[in-house]
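In what follows, a single structure is set out as structure tokens and then discussed.
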Amino acid sequence: MDSMMMDAMSEDMMAMDGMAAVDMAMMQACMDACAACEQACTVCSTQLMDCAPACMNCADMCHTMMRSMLRMQGMTAPVMMAMLDACIAMCQMCEDECRAHADESPVCAMCADACRACMDACMAVKEVMMA
């Protein structure tokens with residue numbers, strides 16, 4: 001089933017200008033990082049620390065980014081770049097907020113690390129798109 005889904009996504013992605021250089025492994029890694037970040041942010045937001053609003057917003061953005069990557073129909077390269085930029089910005093804000101509590105809370109440290117991994121994955125896709 002995964003292979004069928006990836007094949008369908010690949011066809012949709014390759015039809016979009018600027019996406020031919022992005023391989024499916026990179027897209028999958030980005031979607032996985034978005035999913036992990038969404039989960040980490042959701043858990044972190046339940047601590048009700050100062051970072052909770054940033055965590056909730058970041059979780060929503062990561063979910064939206066992942067869902068958008070799952071269905072490439074209707075996407076254009078500029079829209080995808082804007083989505084990646086928004087996800088990177090939201091993850092940066094959340095990482096900064098959680099990093100401030102990381103010494104006090106292992107959950108905040110885990111969330112900050114997940115945000116960094118998501119940013120790195122989104123930046124990798126963006127860099128390939130810009131090449």
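The values are calculated or read from the model by the stated rules, or taken from the named source; none is laboratory data. Keep in mind that this is a model prediction, so the values were computed, not measured. Don't worry about glycine lacking a Cβ; one is built from the backbone with ideal geometry, like all the others, and counts go over all protein chains shown. Ligands, DNA and RNA are stripped out before the accessible areas are found, and what is left, the full protein with its side chains, is counted by its heavy atoms. Shrake-Rupley method; radii C 1.70, N 1.55, O 1.52, S 1.80 Å.
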At q = 0.10 Å⁻¹, what log₁₀ I(q)/I(0) does the range 10-131 have when each alpha carbon counts as one equal point scatterer in the Debye sum? -0.29
Computing the accessible area with a 1.4 Å probe over protein heavy atoms, can you report the carbon and sulfur percentage for the range 16-131? 59 percent
Any idea how far apart Ala29 and Thr76 come out in nm if each label point goes 7 Å out from Cα toward Cβ? 2.9 nm
Just to confirm, what accessible area per residue do you get for the range 30-74 at 1.4 Å probe, in whole Å²? 47 Å²
Filtering trypsin sites (Lys or Arg not before Pro) in the range 56-131 by DSSP loop and by at most 14 other Cβ atoms within 10 Å leaves Arg71
Around Cys30, what is the net charge, scoring Lys/Arg as +1 and Asp/Glu as -1 over all other residues with Cβ under 13 Å from its Cβ? -3
Which whole-Hz couplings ³J(HN,Hα) result when phi for each residue of the range 91-108 is put into the Karplus expression 6.51 cos²θ - 1.76 cosθ + 1.60, θ = phi - 60°, listed in order with x for Gly and Pro? 5, 5, 4, 5, 4, 4, 5, 6, 4, 5, 10, 4, 5, 8, 9, x, 5, 5
Report, please, the projected area of the range 49-96 averaged over directions, based on the convex hull of its C-alpha atoms, in nm². 3.1 nm²
